[in-house]
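Right, one structure below, let's go through it.
The values are calculated or read from the model by the stated rules, or taken from the named source; none is laboratory data. Here the structure is a predicted model, which is why all the values come from computation and not from measurement. Note that we place each Cβ from the backbone using ideal geometry, even for glycine, and neighbour counts take in every protein chain shown.
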Amino acid sequence: MARVGVFVCHCGLNIASTVDIEKVVAYARGLPDVVVAEHNLYSCSEEGLSSIRKSIEKNKLDRVVVAACTPRTHEPLFRKTCELAGVNKYLFEFVNIREHCAWIHIKEPLSATDKAEKLIAMGVAKARLLEPQKETESSVIPTAVVIGGGLTGLTAAASLAAQGIDTHLIEREEKLGGVLGDVEVISPEFSKSGDLIGQLVKELKGSRHAKVHLGAKVVAVSGFIGNFEVTVEGKGKQEKIPAGAIILATGAQEFMPKGEYGFKEMPEVVTQLELERRLASGNVPRRAVFIQCVGSRQPGREYCSRICCNASLKNALRIVRTRPDSRVSIIHRDIMSYGTASERLYREASDRGVVFLRYGLERIPKVVRKKDGVVVEVYDETIDEMVDLDTDLVVLATPMVSREDARDLGKLLKVPLDKYGFFLEAHVKLRPVEFATDGVFIAGSARWPSSVTECMGQGLAAAAKASIPIRRGKVVVEAITASADPDRCAACGNCVIACPYEAIEIVEEHGKRYAKVNETKCKGCGTCVAACPNDAMQQRGFTSQQLSSMIDALIKSTEEET
Amino acid sequence: MAEFSPTILAFCCNWCSYAGADLAGVSRLQMPPNIHIIRVMCSASVKPEYVLKAISGGVDGVLVLGCHIGDCHYMTGNHRTAKRMPLVQKVLKEVGIDEKRLRLDWVSASEGEKFQKVVTDFVDEVKQLGPNPMRGVKW
C-alpha cells in the first residue's frame, strides 16, 4: 500500500483567496492511501520545502502530491525535495490548482474549491500507481558539427575549436562568410566585415581541432544527443561524421522582389545587397531613395525583418558621408533603429540631411520612369501630400527570408520551423538557442533575421550550450520513455511506424519477437502508446493504468457530488 | 432545478496546450470551472480507450488539445491525433452517443485567449447536449 502525502499550497492569497484550502485539505485526508494532508503558505519557499521534507520523513511517505502552481516551472524544485527526503523523484505528482483553477475561476470560489478537490483526487489516484524510475545515462562523442559557414557558424565553430573540441564546419558554398561576404562594412561602427571574417577563418585554419568542409552538403542525420552521425556529401564523395552535438547556423537570404517597384525592369532599382556590392566597389550614387519594408510587414509575410532599417541607415550614411552633394531619402513605415548605437545613426542621418518620409500600406510609393531618370512618387502621411523624389538609384530594403532548403534540413534534423520557414527554438526565454530536440542547437539568422552582433552572440551561446554535453561526457535521459511488455506485444509494428524518432524496432530475444525501444532515442512523447492495440506499450510516468485511474477518480468524485 | 453543470475532462499536451492553459491562468482569463485537465506529453499519446472510458463512465464531454499542426514538439505526433480523434467520434456516434461530446482542437503555448474560448464554447455546447446518458449507468 502506498503512503501518500498531499501538500496544498496557499500561494499567499493567489490560491487561498478563491479556493477554500482547509476544506480541500480535509477532503484530501479522506482519499485512498493518503496518510497525511497539510497546507503551506508558500510551498516553494525554503520554509515550505523543509516542512514538506520533514513530513515525508516523519510520516514515511512514499508518494508525494503537491497541489499548487504548474509543473512546467516548479516540478524540478519539488522533485528535488523528494530526493532529499529519500523518495525517488518520479514518485512525485503535481496538481495544478492555481493556473488551472484559482486564477481562472476567481468569482466562483465554491465551484473552484470543488474543482480543486477533484483535481487532487485525480492526482492522488495517479500518485498511488507511480513507480520509482532510474534515469539512464549515455556517452557522448566529443565532436561537434556546425552546419553553415556564415558569421554565426564561423563564430560557433571557432569558439568550440578554441575550447579544444573537435569541430567540423560544413559549408555548401566554396567560400566562407555567408551573406556577410556581400557586405563591406558593419553597422553601427562601420568596421570592415572582411577583417572579422578573416580573423575567424584564420583561427579555424590554425586550429588542429577544426576541419572545414567547403562545397559540402548535409544529406543525412541519424542518432540522438551524444551519438549523432552526420552524412556530408561534396565533390563526389561522402563522409560520415560521428558527433555529440550539432549546431545549425544556415542563416537566411535576401528576399528578391517579384516585379515590385520596377525591380528587374529598371536598372536603377536594386536590392540592399546589390547596393552593398556597388558601394564596396566605389560606385556611390549621388541621389538615392531607400524604400523600406518591401515584401515584409504585409499580408503573407507579416514579420519585421529587423535588420533592414539599420542597413539602410548605415548605407545612407555611407553615401552622405562620402558625397557632400548627395541627396538621400528613406521612405519607411516605421524606423526600427533599435539599440543605442543604431539610434545614434538615425540622428546622424537626420542631422546630415537624410530625409525620412513615412508611407502606409494603403498608398504605397510608385517608381516611375521619366525622361531624365526615375522618380519615386510617395504620399507622405505627415504632411498629407504627394511628394516626387528624383533619384539615380532606388534601393529596395527587402526582408531576410528563410533559405529555400531550410525545410529539408529541418526534416533531416527533426527540428521544427515556423510558418515563415525560420527554425523554432525550444523556448525563447527558458531555452534560447536550443531546439526541443536535445543536442541540436540553433543560432543566427536561420532562427530569425539577426544583426552581426546578435549572430555572434548566438553563435557563442550555441557553442557554449553544445559544449556542455561534450564536456560532461554523458547525458541523462529523463525517465518518461516508453517500453513494451514482451508478453503482451504481438510485434505488429504499429509503434515502429508511429514513432517520430525511429526509436523502436522489432527484435527477437529468447525466441520471442517484440517491440524494443531505444531509450536514448525515445523522447517520451507516448505516440507509440496510443498506437498499440494490445496495451503492451507503456510510457513511464504516464501509463494507461495511471491515466485510467485519474479518469476513474474524476468519475467517482462527480458521482459523490450528485 | 439547478442548471446542469457538466463534468468535462481535458487532455492537454505538455508543450503547447497545457502551457496555453497556464498562460490563460497567468492572464487571469475567466472560464467555467467544469474542465479537469490531465497532462500528457503529446496529444498523440491519448488512447481512444481513455475517451471511451470517460464517456462510458458518465463524463459529459472530453476535450483533446494539442499543438497546432506543424508545431508539434514531437514533429508529427499531432498528425496522428488529428486522424485518430475523428475515428473515436465515429465510434461514439455508432453507439448512440453524440459525437460532439468529444472535441479536438489546437492551442499553442501563446494562446491563452484561445484556450479560454475553446473551453467556454465547449462547456456551452455540452450544456446544450445535456447530461451524458451514461451517467449513473452501472455496468
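What number of residues within segment A:57-86 are over 26 Å from B:Ile37 (Cα atoms) and in contact with a Leu (Cβ under 9 Å, 6 or more places away or on another chain)?
The number of residues fulfilling the criteria is 2.
Among A:Gly244, A:Gly223, which is at positive phi and small (Gly, Ala, Ser)?
Working: A:Gly244 fails: at positive phi.
None of the other options fit; the residue is A:Gly223.
Please work out which residue is modelled with the lowest pLDDT, limiting yourself to segment A:383-430 and to residues that are small (Gly, Ala, Ser) and not in a loop (DSSP other than H, G, I, E, B).
The extreme case among them is A:Gly410.
The rows are residues; the columns are (1) closer than 19 Å to A:Gly223 by Cα; (2) without any contact (Cβ under 8 Å) to a residue 40 or more places away in the chain.
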position: A:Pro500; (1), (2): yes, no
position: A:Val517; (1), (2): yes, yes
position: A:Asp535; (1), (2): no, no
position: A:Gln545; (1), (2): no, no
position: A:Ser548; (1), (2): no, yes
position: A:Lys556; (1), (2): no, no
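With the checklist (1) more than 12 Å from every other protein chain (Cβ to nearest Cβ); (2) over 28 Å from A:Arg63 (Cβ atoms); (3) part of a loop (DSSP other than H, G, I, E, B) in hand, flag the one item A:Asp487 doesn't pass.
That leaves (2) as the condition not met.
Among the residues of segment A:465-479, is there at least one that is outside any loop (DSSP other than H, G, I, E, B), of a type in the set (Gly, Ala, Ser) and not assigned by TED's automatic domain parsing to the domain that holds A:Tyr90? Break it down into steps so the answer makes sense when it comes.
Quick first cut of segment A:465-479, residues outside any loop (DSSP other than H, G, I, E, B) only: A:465-472, A:474-477.
If we keep only those that are of a type in the set (Gly, Ala, Ser) as well, we get A:466-467.
Those left that are additionally not assigned by TED's automatic domain parsing to the domain that holds A:Tyr90: A:466-467.
Scanning segment A:465-479 turns up at least one residue that is outside any loop (DSSP other than H, G, I, E, B), of a type in the set (Gly, Ala, Ser) and not assigned by TED's automatic domain parsing to the domain that holds A:Tyr90.
Can you pull out every residue in segment A:499-528 that is touching a helix residue (DSSP H, G or I) at 6+ places or on another chain (Cβ under 7 Å), within 14 Å of chain B (Cβ to nearest Cβ) and surrounded by fewer than 21 Cβ atoms within 10 Å (Cβ to Cβ)?
Start the filter on segment A:499-528 by keeping residues that are touching a helix residue (DSSP H, G or I) at 6+ places or on another chain (Cβ under 7 Å), which leaves A:499-500, A:504-506, A:515, A:525-528.
Retained after the next criterion (residues that are within 14 Å of chain B (Cβ to nearest Cβ)): A:499-500, A:504, A:525-528.
Answer for segment A:499-528, where residues must be touching a helix residue (DSSP H, G or I) at 6+ places or on another chain (Cβ under 7 Å), within 14 Å of chain B (Cβ to nearest Cβ) and surrounded by fewer than 21 Cβ atoms within 10 Å (Cβ to Cβ): just A:Pro500.
Take the residues in segment A:101-124 that are touching a helix residue (DSSP H, G or I) at 6+ places or on another chain (Cβ under 6 Å) and not in a helix (DSSP H, G or I), then tell me which one is nearest to the other protein chains (Cβ to nearest Cβ).
Taking the candidates together, the pick is A:His105.
Scanning segment A:242-271 for residues that are of a type in the set (Asp, Glu) and assigned to a loop (DSSP other than H, G, I, E, B), which turns out surrounded by the fewest Cβ atoms within 10 Å (Cβ to Cβ)?
A:Glu265
Six or more apart or on different chains, Cβ atoms under 7 Å: show the pairs whose first residue is in segment A:406-426 and more than 11 Å from chain B (Cβ to nearest Cβ) and in contact (Cβ under 8 Å) with a residue 12 or more places away in the chain and whose second is β-branched (Val, Ile, Thr) and assigned to a loop (DSSP other than H, G, I, E, B).
A:Ala406/A:Thr250; A:Leu409/A:Thr250; A:Phe423/A:Val415; A:Glu425/A:Val433
Keeping to segment B:71-83, report how many residues are under 28 Å from B:Asn132 (Cβ atoms), surrounded by fewer than 22 Cβ atoms within 10 Å (Cβ to Cβ) and within 12 Å of chain A (Cβ to nearest Cβ). Lay out the reasoning, then the answer.
Kept after step one, since they are under 28 Å from B:Asn132 (Cβ atoms), are these residues of segment B:71-83: B:78, B:80-83.
When the remaining residues are screened for being surrounded by fewer than 22 Cβ atoms within 10 Å (Cβ to Cβ), the result is B:82-83.
The next check asks that each one be within 12 Å of chain A (Cβ to nearest Cβ); those that pass are B:83.
Residues meeting the conditions: 1.
Given the criteria within 22 Å of A:Ile186 (Cα to Cα) and either surrounded by 15 or more Cβ atoms within 10 Å (Cβ to Cβ) or at pLDDT below 95 (or both), does A:Pro365 qualify? Steps first, please.
On the way: within 22 Å of A:Ile186 (Cα to Cα): no; either surrounded by 15 or more Cβ atoms within 10 Å (Cβ to Cβ) or at pLDDT below 95 (or both): yes.
No: the conditions fail for A:Pro365.
Just for segment A:431-441: of the residues that are modelled with pLDDT of 90 or more and either in contact with a Pro (Cβ under 7 Å, 6 or more places away or on another chain) or closer than 21 Å to A:Cys522 by Cα (or both), which one is surrounded by the fewest Cβ atoms within 10 Å (Cβ to Cβ)?
A:Glu434
Just for segment A:542-555: of the residues that are more than 9 Å from every other protein chain (Cβ to nearest Cβ) and surrounded by fewer than 22 Cβ atoms within 10 Å (Cβ to Cβ), which one is farthest from A:Arg488 (Cα to Cα)?
First pass over segment A:542-555, keeping only residues more than 9 Å from every other protein chain (Cβ to nearest Cβ): A:543, A:545-546, A:549, A:553.
Those left that are additionally surrounded by fewer than 22 Cβ atoms within 10 Å (Cβ to Cβ): A:543, A:545-546, A:549.
Working: A:Thr543: 15, A:Gln545: 15, A:Gln546: 18, A:Ser549: 21 Å.
My answer is A:Ser549.
State which residue pairs qualify: first residue surrounded by fewer than 22 Cβ atoms within 10 Å (Cβ to Cβ) and inside segment A:154-175, second residue assigned to a strand (DSSP E or B) and of a type in the set (D, E, K, R) in any location, beta carbons under 8 Å apart, and separation of 6 or more residues or different chains.
From residues that are surrounded by fewer than 22 Cβ atoms within 10 Å (Cβ to Cβ), the pairs are A:Asp166/A:Lys211; A:Arg172/A:Lys217.
Do you know which residues across segment B:84-104 are charged (D, E, K, R) and either crowded, with 19+ Cβ neighbours inside 10 Å or assigned to a helix (DSSP H, G or I) (or both)?
B:Arg84, B:Lys90, B:Lys93, B:Glu94, B:Glu99, B:Lys100, B:Arg101, B:Arg103
Pairs, please: C-beta under 8 Å, at least 6 apart or cross-chain, first residue modelled with pLDDT under 95 and in segment A:233-252, second part of a strand (DSSP E or B)?
Listed by first residue and then by second, the contacts come to A:Gly234/A:His213; A:Gly234/A:Lys217.
Which condition number in (1) surrounded by fewer than 21 Cβ atoms within 10 Å (Cβ to Cβ); (2) facing another protein chain (nearest Cβ under 8 Å); (3) part of a helix (DSSP H, G or I); (4) of a type in the set (Asp, Glu) is the one that B:Glu113 fails?
It is condition (2) that B:Glu113 fails.
Report, by residue number, each residue of segment A:296-337 that is assigned to a loop (DSSP other than H, G, I, E, B) and surrounded by fewer than 14 Cβ atoms within 10 Å (Cβ to Cβ).
Passing the criteria: A:Pro299, A:Gly300, A:Glu302, A:Pro324, A:Asp325, A:Asp334.
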